[in-house]
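Written below as structure tokens is the structure these notes are about.
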Amino acid sequence: MKRVRAEQIQGAVGHYLRRRQFVESDGAMKQGPKFTQTAEEMATNLTVQAESGSPNVVSAAPCQADPNQYEIQFSRLKVFLFDTESKYSREVKQLLYPLFVYLHLDMVHSGLKSAADSFYSRFHGMFLQNTDQKDIMEQLRSTLNSQDIYSNSKLRTLIENKYVVSFTEESYNYLLRYLQSDNNSTLCKVLASHIHLDVQCSQQTGYQLYSVGAQSRSDVVGLEPSEIPTTILQNEAALEMLQDSIKQVKDGPPSLTTICFYAFYNTDQLLNTAEISPDNKLLSAGFDNSCIKLWSLRSKKLKFGPQQVDVSRINLACDIVDNEVVDDVGSEMKILRGHCGPVYATKFLSDNSGLLSCSEDMTVRYWDLCSFKNTGLYQGHAYPVWDIDVSPLSLYFVSGSHDRTARLWALERTYPLRIYAGHLADVDCVKFHPNSNYVATGSIDKTVRLWSTQQGNTVRLFTGHRGPVLALAFSPNGKYLASAGEDQRLKLWDLASGNLFKELRGHTDNITSLAFSPDSSLIVSASVDNSVRVWDIRNTHSNSPADGSSNELVGVYTGQTSNLLSVQFMTCNLVLVTGVAQEKKEP
């Protein structure tokens, strides 16, 4: 059994460094080497990432450990080490014995008698070859409760001291990668509480500027400043300047965005919606006459793609085949017909392979953008469908309807997978969380609800709007939800706490569309007042605007439009806006 003499070692090294005029050596020794993580830090980081990270920001409450996880996680580590023949796995195998001992003691201390007996009978045979380990195995077999542990001198010594295991840096990183690859919280708990991992640093090269950790005697002397090559000093100075510049740009006021307006002229039928594809190549619009129009925003025209042979439509000799028109030239616009009512929303898939649309006819339709044909029909709502949204990977989509429900669909299924019921009036807008685990819905009942995609239950209820909610948007980092509507106020909600984060004022009419910037620092809003406003949600960099808007306002844009339909934030600080052009009045 080894004992850790960290204080004596730290005192000796600290005394040596002070003689070498390293004034801040005590602070550095307390912080420890920066190139590794201690077991405590590793356990903390894994818990934080699993419980309160961006991928699952709403589920912040820790769950109780499953007794079966002791055996499952230890067995998984054993199989991993014995199935992998490498020098790193052979070195990590020495960790199995202390892990087994402390896991068994922890189960006995927690009163998990049956789990401890099953764990012992399955794995104790691995440690009967060594005499010392065999002796501990015999004592563990007769241990039934906490009193037995503390009455045994050897077991009490194990509990009151940390077991030391020496690793090379490579083997330690090998173990870290395994622990972070799956749920190993039980193993991490034991590592943090009862085992000390003594990591031996690999040898550093002569020109290593950032040498840390244990060093050989020749490395401690190091290089004098005059011996460091000039090119390395220049590169480090350039790196510091670059880091300062990045910090100034990040912390300073945002640069003004570029706004691109797409205006619709001479719309004979009422235009309800417009959407631009993620790659900025296509523009779709839904009209009151039940048709969808598709435009190409590039010089390349829309053409039919190569079609696969459909065996159900092979023409026989007796069939009368009409002359099919083959579109070899292409056109700048395609008309998609299939709905029998006004089209209220369209949405492109993330890979631009298809388009979804919803209508007053109570259906959602899927359009193949290779053949420009309707290849999917989704029925389930009992009233008009107002809005749709597609999950980030285009595996699911969600719809909101006049029937007061939102429904979850899969592209390959024509029936809904989940029904989200709880609103007291129409569900006007729907939006997927960036991790696809949650769906937000806004309603005429002036509330916003956050639903668990799989469970189908409400996990957050946001109240405070004074009118129907017409627009929603999630920040790309998954931390905030923005909502707006007829009360002319843009509200930002903190998803972790469920509280209101900010309220932005400035619009003078209904807000119809919202979009976040890719870095989640800016949000853009479009309103019926024919203005597009850009807000910085991080800090306030300017005084209050003269019109009484919130301090977060950094830009206002207006155009010759009578109705703004949508706003989308693209890369390169570009905002795309679609709307109906303002018709000139005849004298």
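The values are calculated or read from the model by the stated rules, or taken from the named source; none is laboratory data. Note that this is a predicted model, so its numbers are computed, not measured. Glycine also receives a Cβ, built like all others from the backbone with ideal geometry; neighbour counts cover every protein chain displayed. Calculation scope for accessible area: heavy atoms of the full protein, side chains included, ligands and nucleic acids excluded. Shrake-Rupley method; radii C 1.70, N 1.55, O 1.52, S 1.80 Å.
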Q: Look at LEU490 and say whether it is among the aliphatic types (A, V, I, L, M), modelled with pLDDT of 85 or more, over 23 Å from THR267 (Cβ atoms) and surrounded by 19 or more Cβ atoms within 10 Å (Cβ to Cβ).
A: yes
Q) Which of the residues spanning segment 109-138 are open to solvent by less than 30 Å² (accessible area, probe 1.4 Å) and not aromatic (Phe, Trp, Tyr)? A) ALA115, ALA116, ILE136, MET137
Q: Residues being farther than 19 Å from LEU576 by Cβ and assigned to a strand (DSSP E or B): count how many of those fall in segment 500-513.
A: 6
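Within segment 368-399, work out how many residues are part of a strand (DSSP E or B), within 20 Å of GLY354 (Cβ to Cβ) and either of a type in the set (D, E, K, R) or touching a residue at least 24 places away in the same chain (Cβ under 8 Å) (or both).
Within segment 368-399, residues that are part of a strand (DSSP E or B), within 20 Å of GLY354 (Cβ to Cβ) and either of a type in the set (D, E, K, R) or touching a residue at least 24 places away in the same chain (Cβ under 8 Å) (or both) number 16.
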Q. Restricting attention to segment 409-427, which residues are surrounded by fewer than 23 Cβ atoms within 10 Å (Cβ to Cβ), aliphatic (A, V, I, L, M) and outside any loop (DSSP other than H, G, I, E, B)?
A. ALA410, ILE419, ALA421
Q.
Of everything in segment 469-481, what is part of a loop (DSSP other than H, G, I, E, B) and open to solvent by less than 40 Å² (accessible area, probe 1.4 Å)? Give them in sequence order.
A. SER475, GLY478
Q. Can you spot a residue in segment 75-94 that is within 15 Å of LYS189 (Cα to Cα), under 38 Å from the mean Cα position of the chain (by Cα) and modelled with pLDDT of 85 or more?
A. yes
Q. Just a yes or no: is a residue in segment 213-236 open to solvent by less than 80 Å² (accessible area, probe 1.4 Å), modelled with pLDDT of 90 or more and farther than 21 Å from LEU514 by Cβ?
A. no
Q: Please work out if ALA484 is more than 14 Å from ALA406 (Cβ to Cβ) and assigned to a strand (DSSP E or B).
A: yes
(Q) Kindly evaluate THR346 against the criterion of being assigned to a strand (DSSP E or B), closer than 30 Å to THR463 by Cα and not basic (Lys, Arg). (A) yes
**Q.** Residues (aliphatic (A, V, I, L, M) and outside any loop (DSSP other than H, G, I, E, B)) located in segment 514-529
**A.** LEU514, ALA515, LEU522, ILE523, VAL524, ALA526
Q.
Within segment 379-394, does at least one residue satisfy the condition of being polar (S, T, N, Q), modelled with pLDDT under 95 and more than 27 Å from VAL459 (Cβ to Cβ)?
A. yes
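Does segment 437-482 hold any residues that are among the β-branched types (Val, Ile, Thr) and in contact (Cβ under 8 Å) with a residue 24 or more places away in the chain, and which are they?
Matches in segment 437-482: VAL439, THR441, ILE444, THR447, VAL448, THR453, THR458, VAL459, VAL469.
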Q: Mind listing whichever residues of segment 539-582 are modelled with pLDDT of 70 or more, touching a strand residue (DSSP E or B) at 6+ places or on another chain (Cβ under 7 Å), within 20 Å of SER527 (Cβ to Cβ) and assigned to a loop (DSSP other than H, G, I, E, B)?
A: SER549, SER550, GLU552, GLY559, GLN560, GLN582
Q.
Let me spell it out: the conditions are (1) under 28 Å from ASN530 (Cβ atoms); (2) assigned to a strand (DSSP E or B); (3) open to solvent by 20 Å² or more (accessible area, probe 1.4 Å); (4) of a type in the set (Lys, Arg), and ARG466 meets all of them except one. Which number is the exception?
A. (2)
**Q.** Test: SER121 is modelled with pLDDT of 85 or more, among the polar types (S, T, N, Q) and more than 36 Å from the chain's Cα centre (by Cα)
**A.** yes
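Among the residues of segment 160-174, which ones are among the aliphatic types (A, V, I, L, M) and buried (at least 17 other Cβ atoms within 10 Å of the Cβ)?
If the condition is that a residue be among the aliphatic types (A, V, I, L, M) and buried (at least 17 other Cβ atoms within 10 Å of the Cβ), then VAL165 is the only one that fits.
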Q.
Step by step: first the residues of segment 428-462, then only those that are among the β-branched types (Val, Ile, Thr) and open to solvent by 10 Å² or more (accessible area, probe 1.4 Å), then the one that is nearest to the chain's Cα centre (by Cα). Which residue is that?
A. VAL459
**Q.** Count of residues meeting criterion [open to solvent by less than 20 Å² (accessible area, probe 1.4 Å) and more than 15 Å from ILE537 (Cα to Cα)] in segment 499-526
**A.** 4
